[in-house]
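In what follows, a single structure is set out as structure tokens and then discussed.
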Amino acid sequence: MSVSKTNEQALEAAIEKALTGTCLEDLKAQGNFAAESQELYRSGNGYFIGSANDFNPKYAIDETRFWHFLENTQKEELEKIQRSSDWKLKILERYDRMVKKYGILRLLRKGLDVEDAHFTLLYQLPLASSSQTVKDNFEKNEFSVTRQVRYNLDNSREEIDMVIFVNGIAIATLELKNPWTGQTAKVHGIRQYKKDRDPRQPLLNFGRCIVHFAVDTDEVYMTTKLNGGKTFFLPFNKGYKNGKGNPPNPFGHKTAYLWEEILTRESLTNIIQHFVRFDGKPKDALSKRSLFFPRYHQLDVVRKILSHARKNGVGHTYLIQHSAGSGKSNSITWAAYQLIETYPEREGIPGAKGINNPLFDSVIVVTDRRLLDKQLRDNIKEFSEVKNIVAPAYSSKDLKESLEQGKRIIITTIQKFPFIVDGIADLSDKRFAVVIDEAHSSQSGTAAGKMNQAMGIKQNEEEQEDAQDKILKAMQARKMKGNASYLAFTATPKNATLERFGNKQDDGSFKPFHLYSMKQAIEEGFILDVLANYTTYKSYYEIEKSIEENPLFNTKKAQKKLRAFVERDKRTIATKAEIMIEHFISKIYNTKKLKGKAKGMVVTQNIESAIRYYFAINRILSDKGNPFKIAVAFSGKKIVDGIEYSESELNGFQEKDTRKKFDTDEYRLLVVANKYLTGFDQPKLCTMYVDKKLQGVMAVQALSRLNRACDTCSKKTEDLFILDFFNRADDIKASFDPFYTSTSLSKATDINVLHELKGVLDDVGVYEQVEVEKFVEMYFNNVDAQQLSPIIDTAAARFNQELELEDDDKADFKIKAKQFVKIYGQMASIMPYEVLEWEKLFWFLKFLIPKLIVKTKEDELIDELLESVDLSTYGLERTKLNYTIELDDSATELDPQNPNPRGVHGGDEEKDPLDEIIKTFNERWFHGWDATPEDQRIKFISLSKHIQQHPDYKSKVAENKDSQNRDLAFRKILDEVMSQQRKKELDLYRLYAKDESFHQAFFDTMKRLIDNPQIIKMK
């Protein structure tokens, strides 16, 4: 009885059969093995079966196929060389010399020149509009696959399982393993390439063979450079359930996509023509350059975008949710270059100008990465016959001029994007593909704020927009819809971004066009899991209030202000700075983490806090003999304690040099507020100290600064450490979960809310419709800002004084105005119709809102509260130590914008008396003593009585004018009282005796009670 074959040979036969239509085993069984015409075997995917005997290991070619191809396709050119008796050697030697110097890629793209003859070594893949000659030539290419290739000149028994050839030239090698026989590609296949294959042999030389695959029935791994034990293999897998690996295949092996999709003649030619690339300069030695072969998801996303564009034309949006570590810059480069060569599949497609003209006149790449600009230029040189087709554009005039000069790829920044939007609208006869790289957001001020500045309206430093906000704001005018398609690349799409760029599903939800998840990137080893070692500290305070009345406060608002006040205090920052430096020096610096090159980042609430931390840390380092240097990063200038500071003044070097300086070994810590929390790649960063509220996209982007792999310093997940003074582990988990796998939006925003909001706003009488009309007309006619101010100031004066509105009504109007601007700004670009009144009101309110003054009584009371708060104790307690935050790998749905009009009258806010606020504040940040507040109050009163009854109290404390001696005496008395009470209050005594922070907090509290007996009134 025969059973299924599950060994490597069976896998070889399956691949060979898929590519050629048959396999050696079948031919032997049929007795056709020696058949003369190998054309018989060119079915399946159109490959020939190669013979191992035809392989020439010196030149790494299949001689039969190589000479057959040249004789069959370029007989006249061959005849020019055949005048010499050693013509074959001439061609092979010239071929060998060129491959060693430039790599095989150049010859496949540009051909081989030998004396006065020129040989094409690969005929290009035809387009839909290509001539019949081009189509016929492609069919003349001879693809072949050979098994058990004896490649080693020094050891003729050493064999590679399979080699793929194009026109006799080796393109790819495959080492096969089969898990059913106990061997896998990941372990045994890769080890075989590293240990048992000699990279000095021509076939395995760098640049001669494009890619080397380790393959089994479940997974594929690849490398472009074999370098013994240092060889680095990348996964070439589809991903399964948003993680690593491959999905089950109902029709065969999980890895069948490799030979059924990737290695087809059309696919392989397309990869050689448009994807594989060398970095570095052509004059650089080949060994110094890197060869990039696309990972599966990169190939997949670019092909899917191009296919969709060919079938559906211009005017579409594509949201590409690719995690950090996905190689976005390469994906963008490949997409941009190929979009300019995309032709419509048929006549009559939206935006197309016939099948003989490219679909897009130009591709605009919006990015803040300087490297991407250079990479695009270098790649175009390699891929394109026409060289100077890339240009920058920072205004609509630049855009127009670039197009007139025949530039096909135009690069701009996110800051300049609004001007490009205007340019696209003006060039309505042109077709554009706009590729937006959101991964690295800008670190300077917002472009949209320029008119505000001209009109004297200040912007809050804490309300900085990120790249997604800027892009959405620039696109809100909806001018781009008809003559452009947009591709947004981001790892962390917000709900507004999903709605603007995502694919609308039948159930009304929105999903990304393509996904490479954070989960897959972590599992495949491209980024590290930043949440694997996460420690939280909770600040605990005691706050004394000296105001008698107990007004009602908005609880969250009051606690937020209280906390901000306490956290910003110099004493508080000094305490935390000591903890940070103690940890960094003992656990990171002294232990020589990352081969002694490890770096850390201190993330602070705002610029003022960053400056205070910078000074506090420098003081501590000075006391320790300055073992290393620190730098600080923030935009602009800031006055703290009456002195103006800037980043360059504090650091002692220019702002533009901060990245470079921080990369050197002498700088180990970088203190930041907002700058560098996104788009900052520093692989040696492994530690982060967080003293800032982080949530949503900002939390993911900020903490992900640590996730970059660093091969040169052997960085591992266990090297990462986050010490968080501000956030709870649950909140951080909630921020990361939506982006760990896929993000989708549950439904569209209900835009009818804009009717309601406008109605309410109109009725208040703050503005007249004629003022709105006049302002918009003047604004879009580009008048001087001084002429706009009177219109806005008139409406603002009505709101602030003339209408004598109640404080609640003012707050209600401003909230609704902000809501109108936000919702319309996000919805205008995707609304199927135009409402001119909304558009005009949007622009008017944008400039009016900053001038509307809303000061509630509660704000005044909270300001009073801050003045009356005494920062009494500050300590820290570790609540989560090296905690691994487990992320949810199910797909996440975000809710749309809240469609209900909001306002101060809408709902009852949670209000608490001031005592209650301080109590919950203490309970939240003060852990360890398990007594209830009432018990605490009783115990404090009881202990204060015992202290006052102590025989030494009156003379040494109450009547002592020397504060230092008084404190010493008080501490001695308190120690004695606590010792006497220890049997009654064992838990309290244990905390008092063993926990230094608690001891200090308790001492301060008792001292204040004795000094101010009115704080706790006796009942």
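At 7 Å along the Cα-to-beta-carbon direction for both TYR240 and ASN752, put a label point, then send me their distance in nm to one decimal.
Output for this residue pair reads 4.7 nm.
Spin-label point model (7 Å from Cα, Cβ direction): what's the GLU76 to PHE206 distance in nm?
About 4.1 nm, to one decimal.
Roughly to the nearest percent, how much of the accessible area of the range 15-163 is carbon and sulfur, given a 1.4 Å probe?
45
If N is the number of residues in the range 155-203, what value comes out of its Cα radius of gyration divided by 2.2 N^0.38 Å?
Working it through for the range 155-203, the quotient is 1.26.
Solvent-accessible area of THR678, probe 1.4 Å, all protein chains present, reported in Å² to the nearest ten, please.
We get 20 Å² for THR678.
Order the peptides 837-847, 586-596 from the highest to the lowest mean number of other Cβ atoms within 10 Å of their residues.
837-847, 586-596
Probe of 1.4 angstrom, ligands and nucleic acids ignored: what's the accessible area per residue over the range 155-306, in square angstrom?
With all protein chains present, the range 155-306 gives 38 Å² per residue.
For SER942 and ASP763, what is the calculated FRET efficiency with R₀ set at 41 Å and r taken between the beta-carbons, to the nearest 0.05?
0.10
Could you check the simple spin-label distance between GLU158 and ASN312, using points 7 Å along Cα→Cβ, in nm with one decimal?
Calculated label separation equals 5.1 nm.
Please turn the phi angles of the range 688-702 into ³J(HN,Hα) values with the Karplus equation 6.51 cos²θ - 1.76 cosθ + 1.60 (θ = phi - 60°), one per residue in order, whole Hz, x for glycine and proline.
9, 10, 10, 10, 7, 5, 10, 8, x, 4, 4, 4, 5, 5, 5
Stretch LEU968-LYS374 to full length: gain in nm at 0.36 nm per residue minus the Cα-Cα span?
Contour length minus the Cα-Cα distance gives 207.0 nm.
So how much slack lies between LYS283 and ASP784, counting 0.36 nm per residue of separation and subtracting their Cα-Cα distance, in nm?
So the chain would gain 175.0 nm between LYS283 and ASP784.
Residue-wise, which Karplus ³J(HN,Hα) couplings in Hz belong to the range 201-209, taking 6.51 cos²θ - 1.76 cosθ + 1.60, θ = phi - 60°, and x for glycine or proline?
Residue by residue, the range 201-209 yields 6, x, 4, 9, 4, 5, x, 8, 10 Hz.
Solvent-accessible area per residue for the range 676-730 at a 1.4 Å probe radius, Å²?
On a per-residue basis, the range 676-730 sits at 29 Å².
Could you let me know the centre-to-centre spacing of the range 302-358 and the range 963-992, using Cα atoms, in angstrom?
Cα centres, the range 302-358 to the range 963-992: 75 Å.
Can you give me the three principal axis dimensions of the range 18-177 from its C-alpha atoms, in Å, biggest first?
Projected onto the principal axes, the Cα atoms of the range 18-177 cover 48, 45, 30 Å.
For LYS624, project a label point 7 Å along Cα to C-beta. Then give me every residue of the range 571-588 with its amide nitrogen under 17 Å of that point.
573-588
What length, rounded to one decimal in nm, is gained on full extension from LYS587 through to GLU886, with 0.36 nm per residue of separation minus their alpha-carbon distance?
105.2 nm
Using amide H atoms built 1.01 Å from N in the peptide plane, name the residues 5+ places from VAL435, or on other chains, whose amide H lies under 5 Å from its own.
Result for VAL435 returns ILE364, VAL365, VAL366, LEU487.
Among 148-161, 662-675, how do they line up from the highest to the lowest mean number of other beta-carbon atoms within 10 Å?
So the order, starting with the most tightly packed, is 662-675, 148-161.
I need the calculated FRET efficiency for the pair LYS110 and LYS135, taking r as the beta carbon distance and R₀ as 22 Å, to the nearest 0.05.
Computed FRET efficiency for LYS110 and LYS135 comes out at 0.55.
What percent do you get for the relative contact order of the range 148-249 when only Cα pairs under 8 Å and 6+ apart count?
Here the relative contact order equals 20 percent.
With the alpha-carbon atoms as the only input, what is the per residue convex hull volume for the range 632-718 in Å³?
121
In µm²/s, what is D for the range 198-327 at 20 °C and 1.002 mPa s, where D = kT/(6 pi eta Rh) by Stokes-Einstein and Rh is the Kirkwood radius from Cα pairs?
Diffusion coefficient, whole number: 128 µm²/s.
Taking the Cβ-Cβ separation of SER646 and GLU777 as r and a Förster radius of 25 Å, what is the calculated FRET efficiency to the nearest 0.05?
It comes out at approximately 0.05.
The values are calculated or read from the model by the stated rules, or taken from the named source; none is laboratory data. Since we're looking at a predicted model, the values are computed, not measured. Reconstructed Cβ throughout: ideal geometry from the backbone, glycine too, with neighbour counts over all protein chains shown. Each accessible area value is taken on the protein alone, full model and side chains, heavy atoms only, with ligands, DNA and RNA left out. Shrake-Rupley method; radii C 1.70, N 1.55, O 1.52, S 1.80 Å.
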